[in-house]
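The values are calculated or read from the model by the stated rules, or taken from the named source; none is laboratory data. Since we're looking at a predicted model, the values are computed, not measured. Cβ: placed from backbone, ideal geometry, glycine included. Neighbour counts: every protein chain shown. Note: accessible area is taken over every heavy atom of the protein model, side chains too, but ligands, DNA and RNA are not part of it. Shrake-Rupley method; radii C 1.70, N 1.55, O 1.52, S 1.80 Å.
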Amino acid sequence: MVDDARRDSPPPFDRPFEGEDTKQRVYGAVLHAREPMTATEIAEQAACSAESARTHLSFYTDLGIVIQHEGRPARYERNDDYFEWRRVNELARENSVDELQARVSELTSQIEDYRDQYGSDSPAEVDVLEFDAERIDDVYVELGDWATAIEERRIHERARRKVAGSTAPSHS
C-alpha cells in the first residue's frame with residue numbers, strides 16, 4: 001500500500017526524475033533547462049554519466065527535439081519550435097476547422113477585452129507602476145493571461161490554417 005501511495009504522489013522536489021529511465025531523465029533535464037547546458041550539466045541533473053547523456057542528447061538532436069550548439073564543450077537546449085510544431089499538429093488532429101475558428105474567436109475577444117481594459121495594444125506596453133499597490137499582483141496575473149491568450153491564438157490559428165489547407169479541394 002505504501003508503494004502505491006508513493007507511486008501516485010509527485011517525486012521529491014530535489015529528485016524530480018526519480019524512477020524514470022536514463023533516456024527519460026535526460027529528456028526531462030533538457031526540457032526543464034532555462035538556458036543551453038553542457039552534456040555534463042545535463043548528466044548531473046539526470047543522475048547519469050556524461051557519456052550516457054551525450055548518447056541520448058545525440059538521439060534527441062537527430063529528432064529535432066534538442067538543438068546542439070557547437071563549441072567546446074557543446075551546449076544543448078530544447079527546440080521550442082519542435083514543441084510548437086507538435087502542439088499545432090495535435091490541435092489540428094484533434095479539432096475541426098470550426099472548433100479551431102471558435103477558439104480563435106474566443107481568444108480574440110479576450111485579447112480585445114484586455115486591450116480595452118488597459119488602453120494598450122500589448123501587455124508589454126502596460127506600465128504596472130501606474131496601478132495601486134494593492135492591485136499590482138492582479139495586474140501582473142492579467143498581463144500574463146493576456147500574453148498567453150495572444151500566444152494561444154497564434155498557435156490555434158496555425159492549426160486552423162493547417163486543417164483548412166488539408167481539407168481544401170485539390171486543383172489537379
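Using the alpha-carbon positions of the chain, Rg (one decimal) and Dmax (whole number) come out as 21.5, 64 Å.
Principal semi-axes of the equivalent ellipsoid, √(5λ) from the alpha carbon gyration tensor of the stretch 27-129, are 38, 20, 10 Å from largest down.
If the chain between Arg93 and Ser120 were fully stretched, how many nm would it gain, using 0.36 nm times the residue separation less the Cα-Cα distance? Mind showing how you got there, number by number?
Details: separation 27, 0.36 × 27 = 9.72 nm, distance 3.47 nm.
That works out to 6.2 nm of additional length.
Out of the trypsin sites (Lys or Arg not before Pro) in the stretch 22-99, which ones are loop residues according to DSSP with at most 14 other C-beta atoms within 10 Å? Provide the component values of the computation, followed by the final result.
Numbers: sites: Lys23, Arg25, Arg34, Arg54, Arg75, Arg78, Arg86, Arg87, Arg93; in loops: Arg34.
Here the trypsin sites (Lys or Arg not before Pro) that fit, given the DSSP loop and packing criteria, are Arg34.
In the stretch 63-115, a dipole from Cβ-located charges (positive for Lys and Arg, negative for Asp and Glu) runs towards its positive end, and of Ser96, Gly71, Gln110 it is Gly71 whose Cα lies farthest in that direction. Solvent-accessible surface of the chain, averaged per residue with a 1.4 angstrom probe and all protein chains in place: 68 square angstrom. Other residues with beta-carbon under 11 Å from the beta-carbon of Ala39 carry, at +1 per Lys or Arg and -1 per Asp or Glu, a net charge of -1.
What is the percent carbon and sulfur in the accessible area of the stretch 110-150, measuring with a 1.4 Å probe over the protein chains and ignoring ligands? Please list the in-between numbers first.
Details: 1220 of 2780 Å².
Within the stretch 110-150, the accessible surface is 44 percent carbon and sulfur.
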